[in-house]
Amino acid sequence: MEVNVDSQVMEFMIHDMRPSPEKDAMFTAAVELAEEVMEGIGRLERSGTVEAATLYITHSGAQLNILTRSFDDVPLDRKFASSLKRSSYDSDTGYIQTYVIPILAAEESDTDESK
């Protein structure tokens, strides 16, 4: 197992799940897009707080998972309502909401069996 440590502080964790993780074009594009999403969330007026965010990179693409905490069951913003995948309530902590935001899809192979 290989671990890469980068000194740059980010607003989210990166979990590159590919067999041979590397800082290639997919990695760079996924990180840049995730940074833009997190910047956008930072500019929102919202009732919830972002507890954790993780960028998952696989051979088929990348997605950003965001975990928020709020005392109401309102999504971060109406633009994020479709990415809200789970909402649970705890009387002590309020609502815990999980958002899954697709960042990248891997390019389709040019070798199509139907050709």
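Derivation of every value follows stated rules applied to the coordinates shown; laboratory data play no part. Worth saying up front: this structure is predicted, and the values here are computed from it rather than measured. As a convention, Cβ positions derive from the backbone with ideal geometry for all residues, glycine included, and neighbour counts pool all protein chains shown.
Using just the helices of the chain, give the 222 nm mean residue ellipticity in deg cm²/dmol: DSSP H runs with n ≥ 4 each add -39,500 (n - 2.57), and the total is spread over all residues, rounded to 500. Walk me through the intermediate numbers first.
Numbers: 1 runs with 19 residues, N = 115.
Per the formula, -5500 deg cm²/dmol.
Excluding residue 37 itself, calculate the net charge of residues whose Cβ lies under 12 Å from the Cβ of residue 37, where each Lys or Arg counts +1 and each Asp or Glu counts -1.
-4
In Å, what is the Rg of the alpha-carbon atoms in the chain, and how long is Dmax?
Taking only Cα atoms of the chain, I get Rg and Dmax of 16.4, 58 Å.
Test of understanding: what is the full-extension gain from residue 87 to residue 47, defined as 0.36 nm times their sequence separation minus their Cα-Cα distance?
Numbers: separation 40, 0.36 × 40 = 14.40 nm, distance 1.47 nm.
Gain in length upon complete extension: 12.9 nm.
For residue 10 and residue 69, FRET efficiency with R0 = 30 Å and r from the beta-carbon atoms, rounded to 0.05?
0.90
Full-extension gain between residue 25 and residue 96, please, as 0.36 nm times their residue separation minus the C-alpha to C-alpha distance.
Stretched fully, the residue 25-residue 96 segment lengthens by 22.2 nm.
Using θ = phi - 60° and the Karplus relation 6.51 cos²θ - 1.76 cosθ + 1.60, list the HN-Hα couplings for the stretch 27-43 in order, rounded to whole Hz, with x at every Gly or Pro.
4, 4, 5, 4, 5, 4, 5, 5, 4, 5, 4, 5, 4, x, 5, x, 8
If you take every residue apart from residue 100 with its C-beta less than 14 Å away from the C-beta of residue 100, what net charge results, scoring Lys and Arg +1 and Asp and Glu -1? Could the numbers behind the result be given before it?
Numbers: positive: 85, 86; negative: none.
Here the charged neighbours net out to +2.
Can you tell me which of 68-75, 18-25, 45-52 comes out highest on packing, and rank the rest after it, using the mean Cβ neighbours within 10 Å?
Result, highest mean Cβ count within 10 Å first: 68-75, 45-52, 18-25.
In the stretch 45-59, which residues have a backbone nitrogen under 15 Å from the label point lying 7 Å from residue 77's Cα in the Cα-to-Cβ direction?
45-50
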